[in-house]
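Enquirer: Take a look at this one; I'll ask things after.
The values are calculated or read from the model by the stated rules, or taken from the named source; none is laboratory data. Bear in mind that the values here come from a model prediction, so they are computed numbers and not experimental data. So basically every Cβ, Gly included, is an ideal-geometry build from the backbone, and we count neighbours across all protein chains shown.
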Amino acid sequence: MARAVISVIGQDRPGIVNALSERISELGLNIEDSRMTVLGGEFAVLMSVAGAEQPLGQLQDYLSQLADSGDFACLYRPTTDRPVTGSRTCHVQVASLDHPGIVHRVAGFFSARNINIRELETQTSPAAHTGTPVFNLELWIEVAPDVDLSGLQADFVHFCEAEALDGTMAPTGD
């Protein structure tokens, strides 16, 4: 079985998911994993699709036609299974008054320690009573078995204090 990761971005409107999933189903392909969201006025799709090589090639052609229409930006990338690493997953949450550079600094904290970010989501919302923009960051990291998890958590607490961030990190049990 072959796999590909696809991304489709287009102006938000009803029917995008239906049309894309219909074509994938018609080709006999399977959607294994996906993320879909509205960002600004655009709808963004990120999917892992699996099946036989020929239908995947037909999906790539379909995405090229969508991109050529000018209504969508599309990306098709063949991929393979992800190697099993034996790492532990931790859930990280950060909140702060919104200002530029939060994602960069948090990502830098983990990157400097060779820790992989598996998933990351952000959202800005108004504070309950003041309406001040509050930035929320949620991520899942993969920590190698040889890393001292309690030391990493303590370092993260100190990092958050130094950066004026409200942050937590906890193992997920995966």
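Enquirer: Which residues, taken from region 131-173, are charged (D, E, K, R) and either under 19 Å from residue 111 (Cβ atoms) or not assigned by TED's automatic domain parsing to the domain that holds residue 104 (or both)?
Expert: Hits for region 131-173 are 138, 142, 146, 148, 155, 163.
Enquirer: Pick from region 16-45 the residues that are in a helix (DSSP H, G or I) and aliphatic (A, V, I, L, M): which of them is farthest from residue 65 (Cα to Cα)?
Expert: Only one residue tops the list, namely 17.
Enquirer: Same structure again: What is the one condition in (1) in contact with a Pro (Cβ under 9 Å, 6 or more places away or on another chain); (2) buried (at least 16 other Cβ atoms within 10 Å of the Cβ) that residue 102 does not satisfy?
Expert: Among (1) in contact with a Pro (Cβ under 9 Å, 6 or more places away or on another chain); (2) buried (at least 16 other Cβ atoms within 10 Å of the Cβ), the lone unmet condition for residue 102 is (1).
Enquirer: Of all residues in region 132-158, count the ones that are more than 22 Å from the chain's Cα centre (by Cα), in a helix (DSSP H, G or I) and of a type outside the set (Asp, Glu).
Expert: 8
The rows are residues; the columns are (1) loosely packed, with under 14 Cβ neighbours inside 10 Å; (2) in contact with a Cys (Cβ under 8 Å, 6 or more places away or on another chain); (3) of a type in the set (Gly, Ala, Ser); (4) assigned to a strand (DSSP E or B).
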residue: 114; (1), (2), (3), (4): yes, no, no, no
residue: 117; (1), (2), (3), (4): no, no, no, yes
residue: 130; (1), (2), (3), (4): yes, no, no, no
residue: 160; (1), (2), (3), (4): no, no, no, no
residue: 170; (1), (2), (3), (4): yes, yes, yes, yes
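Enquirer: A further question on this structure: Tell me, yes or no, whether region 49-63 has at least one residue that is touching an Asp or Glu at 6+ places or on another chain (Cβ under 8 Å) and part of a strand (DSSP E or B).
Expert: Yes.
Enquirer: Under 6 Å by Cβ, and 6 or more places apart or on different chains, what pairs join a residue from region 68-81 that is of a type in the set (Ser, Thr, Tyr) with one that is surrounded by 10 or more Cβ atoms within 10 Å (Cβ to Cβ)?
Expert: Hits for this filter: 76/4; 76/6; 76/60; 76/63; 79/3; 79/5.
Enquirer: Can you confirm whether region 76-86 contains a residue that is out of contact with any Leu (no Cβ under 9 Å at 6 or more places or on another chain), surrounded by 14 or more Cβ atoms within 10 Å (Cβ to Cβ) and either assigned by TED's automatic domain parsing to the domain that holds residue 21 or not hydroxyl-bearing (Ser, Thr, Tyr) (or both)? Before the answer, list the steps.
Expert: Here is the first cut: in region 76-86, the residues out of contact with any Leu (no Cβ under 9 Å at 6 or more places or on another chain) are 77, 79-86.
Checking the rest, the ones that are also surrounded by 14 or more Cβ atoms within 10 Å (Cβ to Cβ) come to none.
Scanning region 76-86 turns up no residue that is out of contact with any Leu (no Cβ under 9 Å at 6 or more places or on another chain), surrounded by 14 or more Cβ atoms within 10 Å (Cβ to Cβ) and either assigned by TED's automatic domain parsing to the domain that holds residue 21 or not hydroxyl-bearing (Ser, Thr, Tyr) (or both).
Enquirer: Please tell me if residue 102 is under 30 Å from residue 129 (Cα atoms), of a type in the set (A, V, I, L, M, F, W, C) and within 22 Å of the chain's Cα centre (by Cα).
Expert: When the stated conditions are applied, residue 102 passes them.
Enquirer: Restricting to region 92-112, name every residue that is farther than 14 Å from residue 163 by Cα, in contact (Cβ under 8 Å) with a residue 12 or more places away in the chain and outside any strand (DSSP E or B).
Expert: 110
Enquirer: Filter region 18-56 for residues that are under 19 Å from the mean Cα position of the chain (by Cα) and farther than 22 Å from residue 79 by Cα and give the result.
Expert: 37, 38, 39, 40, 41, 42, 43
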